[in-house]
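A short reminder: the numbers here are calculations on the coordinates, not readings from a lab. Only a predicted model underlies this, so the values are computations on that prediction, with no experimental measurement involved. FYI the Cβ positions are ideal-geometry reconstructions off the backbone, even for glycines, and counts take in every protein chain you see.
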Amino acid sequence: MALKAVLFDMDGVIVDTEPLHRKAYYKTFEGLGIYVSEELYSTFTGASTQKVFETIIEKFNLKNSTDELMTGKRAAFKDYFYNDLEFDLVPGVRDLIQHYYQNDVKLVLASSATRTTIDMVFEKFGLEKYFTGKISGADLKASKPHPEIFLLAAEIAQESKENCMVIEDSTNGILAAHRAEIFCAGFKSMNTFQQDYSLANIVVSDFNELELQKISKYF
């Protein structure tokens, strides 16, 4: 048995778009002339953009439509995505991707993000050539923690589950890998909060800990 394929989550593993989403939301709130407290904003974690604005419209008694606010927020996000100088790949991930690629390990992206966001990330950072396939939220019948995404990713890689490894940073993603019965490396970054890593097979905070010679004992 050997490691033949790595199945990457995207947000929090390859890039961290949460700060950009936050800036885009607050720019939209500012344009509406409303004050959204930290306490209220924290309740939006994991909610869809539509759900966030439905809540905001009701709470602040706004006349705007959900679609109008979503369009404005998406435009702000896109602007920050291309122009925010602080936005970059998660430290060490490019080296790890290249390390696997040079050692003939297949890479598949398994992300709940939209296809548009995935394509934006891959184009901006030149990742396309390294990956055998990409899965977005739109390709799935069920979202994480359902195991479908990782079973499909292993299928795309054309490798057995035993020869695959998932890299995830979220409770739901780790649970999905566990349910798929695929070895999971939990990635714990400085920006990771309140996630449960107990079902991960290993937990790392630096990507060089996932180089082939260091994880070969598991495969």
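What value, in deg cm²/dmol to 500, does the helix sum -39500 (n - 2.57) over DSSP H runs of n ≥ 4 give at 222 nm once divided by the residues of the chain?
Details: 9 runs with 95 residues, N = 219.
Theoretical 222 nm ellipticity from helices: -13000 deg cm²/dmol.
Given Cβ point charges of +1 (Lys, Arg) and -1 (Asp, Glu) and nothing else, what value in debye, to the nearest 20, does the dipole of the chain about its Cα centre take?
Details: 23 positive and 32 negative charges, 58 e Å.
For the chain, the charge dipole is close to 280 debye.
Using Cα-Cα distances under 8 Å and only pairs 6 or more residues apart, what relative contact order does the chain have, in percent? Before the final figure, lay out each step's value.
Values: 325 pairs, mean separation 56.9, N = 219.
It comes to 26 percent, rounded to a whole number.
Using the eigenvalues of the Cα gyration tensor, what equivalent ellipsoid semi-axes result for the chain when each is taken as the square root of five times the eigenvalue, whole Å, largest first? Don't skip to the end; give the middle numbers.
Working: eigenvalues 226, 61, 50 Å².
Rounded to whole Å, the semi-axes are 34, 17, 16.
Multiplying the sequence separation of Tyr218 and Val203 by 0.36 nm and subtracting their Cα-Cα distance, what value in nm do you get? All intermediate terms of the calculation are to be shown ahead of the outcome.
Numbers: separation 15, 0.36 × 15 = 5.40 nm, distance 1.32 nm.
Length gained, Tyr218 through Val203: 4.1 nm.
Quick one: Debye curve from the C-alpha atoms of the stretch 1-129, no solvent, what's log10 I(q)/I(0) at q = 0.16, 0.17 Å⁻¹?
-0.85, -0.92
To the nearest 20 Debye, how big is the dipole of the stretch 18-83 about its Cα centre, given +1 on the beta carbon of each Lys and Arg and -1 on that of each Asp and Glu? Let's see the in-between values first.
Working: 9 positive and 9 negative charges, 33 e Å.
Charge dipole, the stretch 18-83, about its Cα centre: 160 debye, nearest 20.
What base-10 log of the normalised intensity I(q)/I(0) is obtained for the stretch 18-83 from the Debye formula, alpha carbons as equal point scatterers, at q = 0.20 Å⁻¹?
Debye curve over Cα of the stretch 18-83, log10 I(q)/I(0) at q = 0.20 Å⁻¹: -0.76.
For the stretch 146-180 and the stretch 61-79, what is the centre-to-centre distance using only Cα atoms, to the nearest Å?
Each part reduced to its Cα centre gives a spacing of 34 Å.
I need the phi-derived Karplus couplings for the stretch 165-170: 6.51 cos²θ - 1.76 cosθ + 1.60, θ = phi - 60°, integer Hz, Gly and Pro marked x.
Using θ = phi - 60°, the values come out as 9, 9, 10, 9, 10, 10 Hz.
Report the full-extension gain for the segment Thr192 to Glu128: residue separation times 0.36 nm, less the Cα-Cα distance, to one decimal in nm.
Computed gain between Thr192 and Glu128 is 20.4 nm.
Check the straight Cα-Cα distances from Lys129 and name the lysines below 29 Å, setting aside those fewer than 8 residues away within the same chain.
Of all the lysines, those that pass the test against Lys129 - Cα under 29 Å, at least 8 places apart if same chain - are Lys4, Lys78, Lys106, Lys141, Lys144, Lys161, Lys188, Lys214, Lys217.
Using Cα pairs closer than 8 Å and at least 6 residues apart in sequence, work out the relative contact order for the stretch 18-83, in percent. Numbers along the way, then the final one.
Values: 36 pairs, mean separation 32.0, N = 66.
Here the relative contact order equals 48 percent.
Using a 10 Å cut-off around each Cβ, can you sort Phe187, Phe193, Phe77 from fewest to most neighbouring Cβ atoms? Walk me through the numbers on the way to the answer.
On the way: Phe187 30, Phe193 7, Phe77 22.
Ascending number of Cβ neighbours within 10 Å: Phe193, Phe77, Phe187.
What are the ³J(HN,Hα) values, in whole Hz, obtained from phi via the Karplus relation 6.51 cos²θ - 1.76 cosθ + 1.60 with θ = phi - 60°, for each residue of the stretch 97-111 in sequence order, with x given for Gly and Pro?
4, 5, 4, 5, 4, 5, 9, 6, 8, 6, 10, 10, 7, 10, 10
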